[in-house]
Amino acid sequence: MTSSSHTAALGRARRSSGGSARHALEVSAGLAWRSLILVRRMPSVFLPSLVMPLFILVATSGAFRGISLLPAFDGASYLAFTIPLALVMGAGFAGMNAGMTLARDIEGGFVDRLVVSPAPRITLIAGPLMAAGLRSVFTTTVVLTAGLIGGVGLPGGVDTLALYLLGIAFAAAAACWAMGVALRTRTVQAAPLMQVVIFLAVFTSVAYAPRDVLSGWLATVADLNPVTYLLEASRAAELTGLGWAELWPALVALSALLAVLGTWALTGLASLGRR
Amino acid sequence: MTLALRQTGALAWRSVRGTLRTPQALFPSLFFPLVLMAIFTSSFGTAPGTIPGFPPVRGFLDFALAGAVIQGILIGGTTAGAAFALDIEGGFFDRLVASPVSRTAILAGRLGGGVALAMAQAVLFVSVGVIFGARVQGGVAGVLILLVLAALTAVAVSGLGIFLALRTGSAEAVQGTFPLFFALLFFSSAFFPRETMTGWFKAVADVNPISYLVEAMRDLVIEGIEPRPTLIGLAVVSGLALAAVIACHLAFRRRLAASP
């Protein structure tokens, strides 16, 4: 389907539906689907989001395995300890893809056509958000499967579900960040900026070791970094079972992230058409 | 001979200036190694002295310094290769070949630029490490040997980048090899000692030349000048550098033969 026929289909969606909320949902779903089929049409865009988490899983768990001999790890396998890191990176990449796709659509003129169509403007970020969440489900499945191959069994049903949901929430936060950047810079050349911030956010947390083991500046930064609480909840789900003690800080951190980055994306959307 | 040297110097200086004028090319090779060194030092600071098999070392920063130097050179080498490919794409390479410039100078200039940047980078990383509390046990002589190892590594890595540029003529293709270098780095003892690795991962690190190179540099920092690891490192990197230069030379001749 070409870009113009997409726009036309999105316009028809309005005429066939009733309320504006339903209309927005239908258009968002259409845009999410368009974003997802790009995976098949442009695998080079999606491939890094699949390869990088697997690389991080294998390289990190192999290179730094020795650190898990410290008492703070309580005998946990370092591969199992690294799985949440790989999940979060996979979700982060799924989110980044949303920003890169939006930037490409701005450069290619698709967004301009969408803005003059009857489609509600909010769908410009709601659609890629949906796609980011769905892509994170895919990357989470791949990472958990790689863990299974490596000998780390799946946690219980509720904990596995929690891993997926935490991944979706982080993908949404990363997507909001990346789309905010795309809407302001309007160029795909801003992709490194989208990536570097997400990399730094993840690696200045408890990415490689629990908080008890961290020292110096990183101990302070990790305490303030919302990704720390997301990773700790994911690790609890993976290793011991997720309890309220790990869940509520993660929920607070993710809510704060989504509120701030959602506002960042929405204000970026509001600026569209001003220049 | 003197003219060829002057041409090499001019082209090397052009290469250095080109990198310095494009911050987006320079930034990754400085930023990522320093940030990762800082993160690893804070994440694994308690490892020395507590983990069985970890070599005796004053602190993790001393241990991590060599890995940062190698990482910077690997990223810089990809940039040098990509810049050479851009010269090919933009037609500057063809104009150079058509001019009376020595053909050896065309290759040696780009390699020389890569070596100069790598040595400056190594000095910067060691200085940053020392400012934050690292100590080079090998002293000034140890730093000089480390710079020789860094220079030879730059010849090997930049040479590989230039070889790929000559074969593909595409900066994108050369940049595409970056993940390969990144994988080579992680599947070595660049960030953690081989003694703590197990299974197939250790087997890969054992045959990865980066391991021997980084261990030679690391020994100069954490133990001082030890002949065995230094000579092994020098032998490995000299072999790689020689292979890269030969590959560049052959690819250069092939490109010239193929051009109309």
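Rule-based calculations on the coordinates, nothing more; no lab input. Just so it is clear, the structure is predicted and the values come from calculations on it, not from any experiment. Neighbour counts run over all protein chains shown; Cβ positions are idealised from the backbone, glycine included.
Just the Kirkwood number for segment B:164-260, please: inverse of mean 1/r across all distinct Cα pairs, in Å, one decimal.
Evaluated on segment B:164-260, it is 15.5 Å.
For segment B:113-210, trypsin sites (Lys or Arg not before Pro) are listed when DSSP marks them as loop and at most 16 other Cβ atoms sit within 10 Å of their Cβ; the list is B:Arg135. Working from Cα pairs under 8 Å separated by at least six residues, relative contact order for segment A:176-229 is 30 percent. Taking Cβ atoms as reference points and 13 Å as the exclusive limit, the residues near A:Leu70 contribute a net charge of 0, counting Lys and Arg as +1 and Asp and Glu as -1.
Legend: mean number of C-beta atoms from other chains within 10 angstrom of residue C-beta atoms, peptide B:183-196, equals 3.
Taking Lys and Arg as +1 and Asp and Glu as -1, the other residues whose beta-carbon sits under 14 Å from that of B:Phe186 total +3.
Look at the alpha carbon pairs under 8 Å that are at least 6 residues apart: their mean separation over the length of segment B:137-260 gives a relative contact order of 41 percent.
Pairing the Cα long axis of helix B:23-43 with the longest principal axis of chain B, what angle in degrees results, from 0 to 90 and rounded to the nearest 10? Its long axis makes an angle of about 10 degrees. Taking the three principal axes of the alpha carbon atoms in the protein assembly as shown, the coordinate ranges are 82, 64, 38 Å, sorted in descending order.
Here the dipole of chain A is about 1340 debye; that uses its Cα centre as origin and unit charges on the Cβ of Lys and Arg (positive) and Asp and Glu (negative). Taking every alpha-carbon pair within chain B, the share separated by more than 36 Å comes to 15 percent.
Panel note: the C-alpha atoms of segment B:25-130, placed on their principal axes, show extents of 62, 23, 20 Å (largest first).
Stokes-Einstein diffusion coefficient for segment A:105-167 at 4 °C in a medium of 1.567 mPa s, Rh from the Kirkwood formula over Cα pairs: what value in µm²/s?
Once the numbers are plugged in, D ends up at 91 µm²/s.
In this entry, segment A:177-275 is assigned a mean projected area of 7.4 nm², taken as a quarter of its C-alpha convex hull surface.
Computed from Cα atoms, the angle from the helix A:226-235 axis to the main principal axis of chain A rounds to 60 degrees.
A:Ala209 sits among other residues whose Cβ lies under 13 Å from its own Cβ, and their net charge, with Lys and Arg +1 and Asp and Glu -1, is 0. Hydrodynamic estimate: the Kirkwood radius of segment A:15-141 over Cα pairs, inserted into Stokes-Einstein at 20 °C and 1.002 mPa s, corresponds to D of 130 µm²/s. Dividing the mean sequence gap of close Cα pairs (under 8 Å, 6+ apart) by how many residues chain A holds gives a relative contact order of 23 percent. With bins 10 Å wide beginning at 0, the percent of Cα pairs of segment B:209-260 falling in each bin runs 25, 33, 19, 15, 8, 1.
The Cα-based radius of gyration and maximum Cα-Cα distance (Dmax) for chain A are 19.4, 63 Å.
Computed from Cα atoms, the angle from the helix A:244-270 axis to the main principal axis of chain A rounds to 30 degrees. This model, with +1 at the C-beta of Lys and Arg and -1 at the C-beta of Asp and Glu, gives the protein assembly as shown a dipole about its Cα centre of some 1940 debye.
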